[in-house]
Each structure stands twice: as C-alpha cells, then as structure tokens.
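The values are calculated or read from the model by the stated rules, or taken from the named source; none is laboratory data. Bear in mind the structure is a predicted one, so any value in this text is a computation, not a measurement. Neighbour counts run over all protein chains shown; Cβ positions are idealised from the backbone, glycine included. Just the protein is used for accessible areas: all its heavy atoms, side chains included, with ligands, DNA and RNA removed. Shrake-Rupley method; radii C 1.70, N 1.55, O 1.52, S 1.80 Å.
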Amino acid sequence: MKNLEQELKNYYQSKRLASHRVAAIQASVHKTGKTRHRVSYLIPLAATVLLTIGIGLWLYMSTDSSFTHEVVSEIGHNHHQHGALMVESGQYGVVQAALSKLDFSIRPRRDELVKDFVLVGGKYCTIQGSRAAQLKLRHRKTQIIHTLYVLPMADEIKDIEPGVYKTNGLQVELWTDQLLLYGLAHGQ
C-alpha cells in the first residue's frame, strides 16, 4: 500500500506546474484584474456621457419642434376663425395699403401662389405675439379658401422648422423667404 501511495505522489508531483509558471499565472491574473477594474468604471462613465448627450439633443430638438407646433396650432386656430376681413380686394397693392402698419411686403414671392390662387382680402392678426398679415386666398381650380400668414422672423421665430404639418383637420405649410415666415393653411 505504501508503494501505491508513493507512486501516486510521484505521479501528481510530475504533473505539477513549476513554481515559476505558477507565479507567472498569478501575476497575469492580478494584472487582468487591474485592467478589468480600469475598464469596469469606464463603461458606466461612457454610458452616462452618451445618455447625457442624448437627453440634451432630445430636449433641444423637442423644444424647437414644440415651438413649431405652437405656431402651427396658432395658425390653425386663426384659420378656423371666420372674422371679417379688414379689406376685400384681389390686388396685393390695395390690401398692402390697407394694412399700413405692416413694414414688410405681403405679396408672396412664390410664383405658384400668385398664379394658382386669387387674393380675396386680408386683415391683421398675431402669431406668437408678432403682428402678421392674414390673407384669404381662393384656389383657382378647386375654389377652396386657403389662409396665408406672413410675418417677419423675430429671433424666436427663426427656429421654426419649415415643412408641412397637420393640426385639427388642417394642413399647414411653413416656409421662410427673405426674413419672412409664411404659413399656408387649408382644410383637408
């Protein structure tokens, strides 16, 4: 029995790693632990930075788009009000003269607006506290009444996102041209 025990002991000692290999493995485990420790705090830090940037961009974009939405909603509300026009005329010069408090041209620079629509008349209105022209236009082919809003681009209005929007059963198109904001609204 002693012989068997001795042979087993000899066998396992021969399979044993040399002490310098054991020391090298222990050193590499210790080194990997330090590297993992360094990396382990970088991952949450990177996630926090990305999350902060993402939230900031979302807030910035939603602020701009919410202001655009406010303008679109106000244009939609004004379009639904059927108050009397201050002046009825098919000539932009006549309507411009009647709206003498406006220091900008109300005639749209888009040729297709002048070509496809007949001016019915206009009046003053306000959009986000700025004085604007509210012009009623009739589409030549469909006879549908559209409302065109023209106002100078104040600092806060410069952030408006041009495009086509839908609100309360209306379609509102916003665009800018030479420091003026235009909004064209009509029922769908």
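Given a 1.4 Å probe, how much area per residue of region 61-160 is accessible, in Å²?
The answer is 53 Å² per residue.
Quickly work out the SER66-to-GLN13 label distance, labels modelled 7 Å from Cα along the C-beta direction, and quote it in nm with one decimal.
It is 7.9 nm.
So what J values fall out for region 118-130 if you push phi through Karplus, 6.51 cos²θ - 1.76 cosθ + 1.60 with θ = phi - 60°, rounded to Hz, Gly and Pro as x?
3J(HN,Hα) across region 118-130, in whole Hz: 9, 5, 9, x, x, 7, 7, 8, 10, 10, 6, x, 9.
Computed FRET efficiency, Cβ-Cβ of HIS77 and GLU161, R0 25 Å: what is it to the nearest 0.05?
That pair, HIS77 with GLU161, gives E of 0.85.
Would you work out what percent of the accessible area of region 67-119, with all protein chains in place, is carbon or sulfur (probe 1.4 Å)?
Carbon and sulfur together cover 49 percent of it.
Accessible area, 1.4 Å probe, largest first: how do HIS20, HIS139, HIS77, HIS82 sort?
Ranked list, largest accessible area first: HIS82, HIS20, HIS77, HIS139.
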